[in-house]
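Peer 1: The following block contains the structure, expressed as structure tokens.
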Amino acid sequence: MVILLVGGCHEAFGQLPCATALLQRLSHAVGVSPGLSDGFHYNVLQFNQRPVNVAVQNGEVTHIGYSLFTPSQRAHISPDQCDFIERLLLTSDIDEFYGKSFSRHLLEEKITFEKGSVAELKALCGDTSYVFQMTLQDSKRYICNWYQGRRREVTLSYPADYFLIKGTTLTESEERLEMEARRWRGSAERRKRTEHLEENRKSSEERQPEVYAATELMQQIGNGPVYLLTGDIYLIPELTSNRYWVKDPDSGMQLLYGADFPLESMANLVTGTELETDIDLEILHVLYGFRTATFTLPLRQWVSYCMAQGCQPYFGVMSHEGDTVNASLVLHNEALGYIHLMKLTFDTSVIASRKGVVKARLNSFVPMSNVKSLFNENNR
């Protein structure tokens, strides 16, 4: 993944809540106003004579950092990466913010300036003339470059690690997951961001009408009515992003959904959001410290929320006895280096009735370094 772009007095501290403990400490340090409305506030205040960005969502602060990226740049770069880098620069100016020196923090978190320094990067705040390049190498590390003309000024490298990039702890992330998934509504702004990222992913040659492009890649399964659109594989051949289609004499190819094909129908339900049902997902969430929590929400809402966060779903049937199906659903977020791992149990009758409950056991925010061992533990 490569992105090239051409860019880019304290207020009294109030009681505006923050999404994480780290942001709460930052809010105290720089003095965020309690009167900020929902939205992204560019250059909203000053700290150490540098402009600061603040983002507010659902009445709580979700980002505080130096104004390194312009609004036009942010329209084309992952907000998570922009927020992380801007926050990193701001914390470098707050003594012992992490309970240690800033240089020690960089060392322990494997954050490196391969060219230039944090001071040189801070000097670019407010500069709209630089060119920015970001690459994710082997799904493990981000390499970020800032250029002035053809001259590379700064190179920053850091792990593709969810907790580092989001500035949160495992406990905070686990506890917020249910709340954020519940209030997910797929707003126009979020849909626009998702559509924009999808357009960037596709080449101009691929931007054909969906049915025509898909038909060329589909393979008929035997002599039956079902066509397979082969997806990617995750770890084992049984876990795929495959989707299933049927030919409609009037409207061309349509996503398969029907009682005669419950497994293929479920695969389509959990790898996309096109199909509407009243099927609920009852989730047993396995939390840190041998704790669990249970919550229920529409299956389609959960899938929509996870995909909008950047997760690619992979589905696989592990056993099918009578009407009972045990399956796995992996939601892989390559950009942030984690998966949600779910073990699903359902009766095939939910497909025919388009309603009912699918039970799920969820291990959330599993770092990529732990994926294989946890996957084996849940699927042995």
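Peer 1: Whole number please: convex hull volume per residue of the Cα set in the stretch 255-369, in Å³?
Peer 2: It comes to 101 Å³ per residue, whole-number rounded.
Peer 1: So if I take the alpha carbon set of the stretch 73-121, get Rg, then get Rh from the Kirkwood formula, what is the Rg over Rh ratio?
Peer 2: 1.00
Peer 1: Can you give me the three principal axis dimensions of the stretch 314-370 from its C-alpha atoms, in Å, biggest first?
Peer 2: Principal axes ranked by extent give 37, 21, 15 Å for the Cα atoms.
Peer 1: Turning to a different aspect of this structure: So what is log10(I(q)/I(0)) for the stretch 2-166 at q = 0.13, 0.18 1/Å, when the Debye sum runs over its Cα atoms only?
Peer 2: Scattering profile of the stretch 2-166, log10 relative to I(0): -0.60, -1.19.
Peer 1: Based on Cα coordinates alone, diagonalise the gyration tensor for the stretch 126-176, multiply each eigenvalue by 5, take square roots, and list the semi-axes in whole Å, largest first.
Peer 2: Equivalent ellipsoid semi-axes, largest first: 29, 13, 7 Å.
Peer 1: Evaluate E = 1/(1 + (r/R0)^6) for Asp95 and Asn223, where r is the Cβ-Cβ distance and R0 equals 56 Å; express this FRET efficiency to the nearest 0.05.
Peer 2: Computed FRET efficiency for Asp95 and Asn223: 0.20.
Peer 1: Taking the Cα centre of the chain as origin, work out the dipole magnitude from +1 charges on Lys and Arg Cβ and -1 charges on Asp and Glu Cβ, in debye rounded to 20.
Peer 2: Taking the Cα centre of the chain as origin, the dipole is about 760 debye.
Peer 1: Based on the mean of other beta carbon atoms within 10 Å per residue, what is the order of 111-117, 258-264, most packed first?
Peer 2: Highest mean packing first, the order is 258-264, 111-117.
Peer 1: Hey, another quick one. So, in Å, what gap is there between the alpha-carbon centers of the stretch 56-71 and the stretch 93-157?
Peer 2: Using only Cα atoms, the two centres lie 19 Å from each other.
Peer 1: To continue, here is another question. Please report Ile283, Ile77 as a ranked list, fewest other C-beta atoms within 10 angstrom at the top and most at the bottom.
Peer 2: Ile77, Ile283
Peer 1: If you don't mind, there's one more thing I want to ask. Treat the count of other C-beta atoms within 10 Å as a stand-in for reagent exposure and order Arg243, Arg183 from fewest to most.
Peer 2: Arg183, Arg243
Peer 1: Here's another thing I want to ask about it. Which is farthest toward the positive dipole end of the stretch 2-166 among Leu45, Gln73, Leu26, measuring Cα position about the Cα centre, with Cβ charges +1 (Lys, Arg) and -1 (Asp, Glu)?
Peer 2: Sorting the options by dipole projection puts first Gln73.
Peer 1: Please list the radius of gyration and Dmax for the stretch 292-332, considering alpha-carbon atoms only, with Å as the unit.
Peer 2: Calculated on Cα positions, Rg and Dmax stand at 12.4, 35 Å.
Peer 1: Distance check, please: which entries in Lys247/Lys343; Lys343/Lys372; Lys110/Lys140; Lys122/Lys166 exceed 22 angstrom between their Cα atoms?
Peer 2: Among Lys247/Lys343; Lys343/Lys372; Lys110/Lys140; Lys122/Lys166, the Cα-Cα distance tops 22 Å for Lys247/Lys343.
Peer 1: In debye, nearest 20: dipole of the stretch 2-166 around its Cα centre with unit charges on the Cβ of K, R (+) and D, E (-)?
Peer 2: Computed about the Cα centre, the dipole is about 420 debye.
Peer 1: How big, on average over all directions, is the shadow cast by the Cα convex hull of the chain, in nm²?
Peer 2: Convex hull of Cα atoms, orientation-averaged projection: 21.0 nm².
Peer 1: Among Gln219, Leu329, Ser349, which residue has its Cα positioned farthest towards the positive end of the charge dipole of the chain, with +1 placed on the Cβ of Lys and Arg, -1 on the Cβ of Asp and Glu, and the dipole taken about the Cα centre?
Peer 2: Toward the positive end, the furthest listed residue is Leu329.
Peer 1: Taking neighbour counts of Cβ atoms within 10 Å as a proxy for exposure, in what order, fewest first, do Trp302, Trp184, Trp245 appear?
Peer 2: If I rank by nearby Cβ atoms, fewest first, I get Trp184, Trp245, Trp302.
Where a number appears in this text, it was derived from the coordinates with a stated rule and is not lab data. Remember, predicted model here, so these are calculated numbers, not experimental data. Because the Cβ atoms are built from the backbone with ideal geometry, glycine has one as well, and the counts that use them run over all protein chains shown.
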